[in-house]
1. If amide hydrogens are placed 1.01 Å from N in the peptide plane, which non-local residues have theirs closer than 5 Å to the one on residue 24?
2. Could you tell me which of rounded, prolate or oblate describes the range 256-303, using a ≥ b ≥ c as the square roots of the eigenvalues of the alpha-carbon gyration tensor, with rounded for a/c under 1.5 and, failing that, prolate when a/b is larger than b/c and oblate otherwise?
3. In sequence order, what are the phi-derived ³J(HN,Hα) couplings for the range 106-119 according to the Karplus relation 6.51 cos²θ - 1.76 cosθ + 1.60 with θ = phi - 60°, rounded to whole Hz, with x for glycine and proline?
4. In the structure displayed, which of 203/270; 92/270; 58/270 lie more than 30 Å apart, Cα to Cα?
5. Applying the Karplus parametrisation 6.51 cos²θ - 1.76 cosθ + 1.60 with θ = phi - 60° to the phi angles of the range 134-149, what ³J(HN,Hα) value in whole Hz is obtained for each residue in order, glycine and proline being reported as x?
6. Need one number: nm distance between label points at residue 234 and residue 247, each 7 Å from Cα along Cα→Cβ, rounded to one decimal.
Amino acid sequence: MKKQLLIITVFFLSIVLVQAQQSRFPIKTGSVWRINFEFNNSCDGEVFVHYNGDEEYKYFIDGDTVVGTRTYFKLYKTGIIYLETPFLVTHKYMGAIRDSADRIYYMDKEDDSEKMLYDFTVEVGDTIQVEGGMEYPVSDITTLPNGRKQYVLDIMTVHCGSANTFIEGIGWLGGLLEGNSCSGHPGVRGSYLVCYSEDGEVKYQTEQSRCYQQVACGDIILSPNNPAGSKVPVVVIMPGGKMSITLSDQETSMWDIKIFNTSGQLSFYKESDLSSPIDISMLEKGVYVVKLSNNGISYSSKFVIQ
């Protein structure tokens, strides 16, 4: 009888310990963070807008790895990063990430020491260390309609409206790894989280607007200087997974061709003069947006692969 009681007690204690290690909102294998830069005065009277449709990137989970005795998710980055010369990052391995007991830990790919990236157990008055080593107190904590806590730090944000806020289980509204977004990127004022989703389900959507229009989590982000519809490419899906693209009054020139899925994720990239069909056989069935860019001009059109 005593042995049975001991087994039952150990069983329940193990459940309690496991539950104590679980986060209220854990990272999922399908977690995606879409991020864009927030400062540009492309629209009169508006500051926080997309600089350009190409200047968006995302973090996402792709597989896991065991380091020591701990299991981590592998964190990747893809998209176009804005510096003086924008460049494309494709499936770049960033490092290992895990969450435990409402805290997120991160291990950079070039550093085998783990650091705590987020602590969602902090209270008002506690201090948080941001990028650059500065510490700021938590000035306010609210609970969002989805049950996640939103934390605001006592930071003078000036141009960076999301630099002082992070959300439980999601991270900084300036970007997952960016910390205080005002100092996160040389040459720009900051970045912001467009949306966060898990397995395709939206868990957070930005309240920032683009030229006075709200940006939905599934929107394809386009440059406000070259809105969609100014010239629509004619897209024809051909047998054998080929696609032809034509433009009215088209001059022969090289175009950057990017294809995005309905979540705004870059699915395909190629340079072409549009003179011959393009192989897109690697794309799955679904709705896509193709965007053509050349020398500051961009056009876009939706198409369907059946």
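Read-outs throughout are calculated quantities, based only on the coordinates presented, and are distinct from any laboratory measurement. For clarity, every value in this text was computed on a predicted model and none was experimentally measured. Backbone-built Cβ (ideal geometry, glycine too); neighbour counts: all protein chains shown.
1. 102
2. Verdict is oblate for the range 256-303.
3. Once θ is set to phi - 60°, the couplings for the range 106-119 become 9, 10, 4, 4, 9, 9, 8, 9, 7, 10, 7, 7, 9, 10 Hz.
4. Long pairs (Cα-Cα over 30 Å): 203/270.
5. Using θ = phi - 60°, the values come out as 6, 10, 10, x, 6, 9, 7, 10, 10, 9, 6, x, 7, x, 6, 7 Hz.
6. It is 1.5 nm.
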